[in-house]
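J.: My questions all concern the structure below.
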Amino acid sequence: MIQFNFIPEQLRKERGGFLSHGFGGVASEIFIGILLLVFGILFALHVSLVGVLLFKVGGYQMLQLKWNAMEVDKKLFDQISSESKAIQVRLNSLKPITSQAGFRWARVFNEVSDSVPKGIWLRQMEFSKGLLTISGSSVSKMANEMVSVGNFVAALKGKSSIKDAFTGVDVDSIQRREGTSLSIADFKLKAKRK
């Protein structure tokens, strides 16, 4: 494009503003393009960061929902875990009884059973803190229930498994009670573990 300007050069007014002739030796179009490019990159970065933030917030909310759903399962797990620990404590308390001497206990109970004479009923056998307690009753029509208890104790003292495992068998208590037609004696025997 051809322009004619008849005004002398020193009297001419400059048109345009700050960027009409460029900036620092760079044409104004290039400078504006660089500015637009920088703003565009900053805008795209801002939009992408907002997108990442929204994605992370959504992920956090999903995890929060899963955590709330797992809370019921966690309570159930904690309950089962505490029950398991209680059972383990009980099993550990049985280890001294069932470990090396496990077969002896079977023999002891078998020999106690074999030693029970006619007219004697065992109600309870308890082993606690190294002491075996046998509770039962003796019944007789001829008033010799005390003798039956004495015979039972003598038979127990003669058994090899009782001799090997306990220091002896003693009558802890014996008490006679009168029934309708029978004489009954309730007894308790104790044997201390070696």
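J.: Cβ-Cβ under 6 Å, sequence separation 6+ or interchain: first residue in the stretch 36-52 and on the phi < 0 side of the Ramachandran plot and without any contact (Cβ under 8 Å) to a residue 12 or more places away in the chain, partner surrounded by 10 or more Cβ atoms within 10 Å (Cβ to Cβ) and in a helix (DSSP H, G or I). Which pairs?
T.: So the pair list comes out empty.
J.: Let me ask something additional. Starting from the stretch 159-170, keep only residues that are at negative phi, then list their pairs with residues that are buried (at least 18 other Cβ atoms within 10 Å of the Cβ) and of a type in the set (G, A, S) whose Cβ atoms are within a distance under 6 Å, requiring at least 6 positions of separation or different chains.
T.: Close Cβ pairs (under 6 Å, with a partner that is buried (at least 18 other Cβ atoms within 10 Å of the Cβ) and of a type in the set (G, A, S)) amount to F166/A191; V169/A191.
J.: Need pairs with beta-carbon distance below 7 Å; first residue not assigned by TED's automatic domain parsing to the domain that holds K188 and exposed (fewer than 11 other Cβ atoms within 10 Å of the Cβ) and within the stretch 119-132, second part of a strand (DSSP E or B) and at pLDDT below 90; sequence gap 6+ or separate chains.
T.: So the pair list comes out empty.
J.: Quick check on the stretch 166-186: of everything there that is surrounded by fewer than 18 Cβ atoms within 10 Å (Cβ to Cβ) and of a type in the set (A, V, I, L, M, F, W, C), which residue is farthest from S115 (Cα to Cα)?
T.: Result: L182.
The values are calculated or read from the model by the stated rules, or taken from the named source; none is laboratory data. Predicted, not measured: the structure shown is a model, and the values here were computed from it. Glycine also receives a Cβ, built like all others from the backbone with ideal geometry; neighbour counts cover every protein chain displayed.
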